[in-house]
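Written below as structure tokens is the structure these notes are about.
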Amino acid sequence: MPDGIVVVDEAGVIRFANPAAQRLFGRTAEELVGGAFGFPVTGGETTEVELIRRGGELVTAELRVVQTSWESDAAWIVSLRDISDRKEAEERAKELVRAQAAQAEAEAAERRFRLLAEEKAAMAEENAALFERAQEANRAKSEFLAVMSHELRTPLNAVMGYTELLMSEVSGPILDAQREQLGRIKASSRHLLELVDDILSFAKLEDGRDEIRAAPIDFREVVKEVSKLAAPLAEQKDLKLRIDLSDSPCEGVSDADKVRQILLNLVSNAIKFTEDGEVLIGVSSEHDEVVLYVEDCGIGIPAERLDQIWQPFWQVEQSRTRTAGGTGLGLSVVRRLAELLGGKASVESTVGKGTTFTVRLPIRV
């Protein structure tokens, strides 16, 4: 018979082994008979077992058991069929199926990746086009603001000039009532000119056309100049304008016009939102930086709004009935000018108590 046949008694001892069983185990009948079979046997069952031949070779066998008797004793006939080749073929088939599945998954993943890459490329191209259109619109806006600002400045300067001539009575005497009315025209014109200047400065910064004109500068002298320029605004509201100058020198290299504009914007803003008390302009030096600060005791800014105040056209008073005028560009111009000079602007505020704006600039640009 091609299958190995062994007879095992109830004690599990081999009583007989045919030639096929001897080849399967790699042992002679004399070596097998009388030894322990080593596997539990139960009649009517079929199972797979692994045998170790002499030499260590592993063999997979299909085991079948039938109850019988041997030399008048109860025993079991155990059939052992070598299925190593079949098991190996099954494993190869399973491995092939796994490999095919892995390849199919890899191809599907590659298709998904390629599709995502194409979609991403399309989105990037669309975003680039949108960004370019946004840039063009932004440039057009900046050019429009710059042109309109220049166009508005010319008639405004003429209005202010003729108002000055009338008030100086070059063309003849005027009545006190007329002088008062001319004063209002002059004040309104100056206010409108300030708004135009804010828009013009913002347009230049937005368009990247503003350049630094660095020169030796005494920051304390700039603070003094700004206090003189802002004094009339403070007097109109009966506010005290005070300066705090550092004892140590604050000299360096920077753009005096831009530093002056930063301080003027901050001081004008402080006076605008302060009804009682004082406004303080200060300067000090720390290592290689100069620190400019403006303190007021005005309405203050809520903590959740501190980031928004730097945005263009944003107003602290958002209602339509707001009392303070302006374009909402002053603080945006301050931050952009500070960054242009290599510094940064920050703010601290308490609602109802006041606000402190601080600008740190390098001593030397």
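List of remarks:
- Among the protein heavy atoms of the chain, carbon and sulfur supply 53% of the accessible surface, probe 1.4 Å, non-protein parts ignored.
- The tail of the calculated P(r) for the chain, taken as Cα-Cα distances beyond 30 Å, holds 64 percent of the pairs.
- Computed on the Cα atoms alone, the convex hull of region 1-131 gives a volume of 151 cubic angstrom per residue.
- Relative compactness, region 1-72, computed as alpha-carbon Rg over 2.2 N^0.38 Å: 1.05
- The convex hull around the C-alpha trace of region 268-312, projected and averaged over every direction, spans 4.4 square nanometres.
- C-alpha long axis of helix 176-207 to longest principal axis of the chain, angle in °: 30 degrees
- Rounded to the nearest 20, the size of the Cβ-charge dipole of the chain about its Cα centre is 1060 debye, with Lys and Arg at +1 and Asp and Glu at -1.
- Pairs from Lys186/Lys237; Lys186/Lys240; Lys228/Lys258; Lys240/Lys272; Lys272/Lys353 whose Cα-Cα separation, in the structure shown, is over 20 Å: Lys186/Lys240
- The reciprocal of the average 1/r between distinct C-alpha atoms defines the Kirkwood hydrodynamic radius, which for region 38-84 equals 11.7 Å.
- Surface accessible to a 1.4 Å probe, Ser171 within the full protein complex, Å²: 100 Å²
- The relative contact order of region 8-134 comes to 17 percent, based on Cα pairs under 8 Å that sit 6 or more residues apart.
- To the nearest ten degrees, helix 256-272 and the longest principal axis of the Cα atoms of the chain are 80 degrees apart.
- Listed residue (Ile185, Leu229, Ile217) projecting farthest to the positive dipole end of region 157-253, Cβ model: Ile185
- Cα gyration tensor shape for region 66-147, rounded if a/c is under 1.5, else prolate or oblate: prolate
- Average accessible surface area per residue within the chain, 1.4 Å rolling probe, Å²: 60 Å²
- Computed with every protein chain present, the accessible area of Glu57 is close to 100 Å² [probe 1.4 Å].
- Furthest towards positive pole of dipole, Leu239, Ser268, Pro249, structure part region 229-277, Cβ charges: Ser268
- Cα lying deepest toward the dipole's positive end in region 45-166, options Val49, Gly161, Leu63, charges on Cβ: Gly161
The values are calculated or read from the model by the stated rules, or taken from the named source; none is laboratory data. As the structure is a prediction and not an experimental result, all values here were calculated from the model. Glycine also receives a Cβ, built like all others from the backbone with ideal geometry; neighbour counts cover every protein chain displayed. These accessible areas exclude ligands, DNA and RNA; they are computed on the full protein's heavy atoms, side chains included. Shrake-Rupley method; radii C 1.70, N 1.55, O 1.52, S 1.80 Å.
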